[in-house]
Amino acid sequence: MQRKLGAGLGTLRDLDEVRYGATAKQEVWRDGKVVLYRFLGPKPPTAKIPILICYALVNRPYMVDLQDDRSLVKNLLALGEDVYLIDWGYTDRSDRFLTLEDYIERFIDGAVDHLRAAYALDAINLLGICQGGAFSLSYCALHPEKVKNLIAMVTPVDFHTDDNMLSNWTRELDIDLFVDTLGNVPADLMNLCYLTLKPWRLFVQKYVGMVDILDDKKAMEDFLRMEKWIFDSPDQAGEAFRQFIRQYYQGNGFVNGGIEIGGRAVDLGFVDMPVLNIFAEQDHLVPPAASKAMKSLIGSTDSTEVSFRGGHIGIYVSGRAQKEVPTAIHAWLAQRAR
């Protein structure tokens, strides 16, 4: 340990600024703070239908393109896919009264319509991740004609499974008092909640284990890049947060009904396009049972489940995931290219 700590003084002094993103991208559409990016690979895509990635609001979406050897985006591009991403930006007080209707019917629908027009297509492929997967499912229920294929990754559907600790915490939350008091929900408060789901692992063990890599510059850069992502979180727009907790977490609206977006009911029975549901076997934020409930609720007759070893984040940054997940997505889409 003394040797590692001693070496760490030199390693930390020599570290460059930690940067993220492995792939060039260009802005193609914008609505306020929300930007639609197209990723630019080394060669033109061969896929005729683009993939739109819809990430969660609670973290920055660059996790899907974190670094050169940990990039879902880079691997999809290498397989010939044409990849776009919605970047939600950073929320401020002017966004306090944004609703789920704004996020789903204004921002997602605006991005989808832009791509449909740009490619002269009736429908595109949509890839929703975590909360972004819940948004994508809701969008598909409201606009099934605009989505050719839906891929859901680590997406919660049944929010009341027994092993969902986060859901158990939120069910008795006085969400009106919470939002009326705070306005926008601070990112630091959200991060604290996630970290306390595994306090020993995330507050102690991770940093004790860091000692083992203090003499490895690249390993330290990878570690700090992940730390930067974890704590680079936007605040949550108060009104949208209220609606999401009440309708999805507390009401379990996908299962029980009761989700309304802009006055329209969300019924997963209208999700009739092919669906690929990818979940992580060791996920503590979206337990497998919470995700697997999707198959019995959607209206699609072409529904595929694929599980991968790993946790909520590892499913798109681990070495195993880099080899398996993009290939599974590409192969599944290729079978439905017509």
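Throughout, read-outs are computed from the coordinates displayed, never taken from laboratory work. All values reported here derive from a predicted model rather than from experimental measurement. Reconstructed Cβ throughout: ideal geometry from the backbone, glycine too, with neighbour counts over all protein chains shown.
Here are the numbers for this structure:
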{"quantity": "GNM flexibility winner over the chain from I49, I86, I213 (Cα, springs under 10 Å)", "calculated": "I213"}
{"quantity": "30 Å Cα-Cα threshold exceeded, pairs from K25/K198; K25/K323; K228/K295; K43/K198; K218/K295; K48/K218", "calculated": "K25/K198; K228/K295; K43/K198; K218/K295; K48/K218"}
{"quantity": "Span-rule helices in the chain, defined as complete DSSP H runs reaching 20 Å or more along the axis (Cα) with Kyte mean at least -0.5", "calculated": "319-334"}
{"quantity": "For segment 216-307: rounded, prolate or oblate by the Cα gyration tensor [a/c cutoff 1.5]", "calculated": "oblate"}
{"quantity": "Selected from Y90, Y119, Y249 as most flexible by GNM, with the chain as the system and alpha-carbon contacts under 10 Å", "calculated": "Y119"}
{"quantity": "Projected label distance in nm at L40 and A118, using a 7 Å step from Cα toward the beta-carbon", "calculated": "1.3"}
{"quantity": "Cα gyration tensor shape for segment 1-94, rounded if a/c is under 1.5, else prolate or oblate", "calculated": "oblate"}
{"quantity": "Candidate aspartates and glutamates for bridging to K148, where Cα separation is under 15 Å - those fewer than 8 sequence places away on the same chain excluded", "calculated": "E81, D82, D109, D113, D122, D272, D302"}
{"quantity": "Dipole moment magnitude, nearest 20 debye, segment 235-288 about Cα centre, only Lys, Arg, Asp, Glu C-beta charged", "calculated": "180"}
{"quantity": "Shape call, segment 26-173: gyration tensor on alpha carbons, a/c limit 1.5", "calculated": "prolate"}
{"quantity": "Percentage relative contact order, segment 96-233, counting C-alpha pairs under 8 Å, at least six apart", "calculated": "16"}
{"quantity": "Separation of alpha-carbon centers, segment 8-41 and segment 267-331, rounded to whole Å", "calculated": "26"}
{"quantity": "Normalised contact order of the chain, rounded percent, pairs of Cα under 8 Å and 6 or more residues apart", "calculated": "22"}
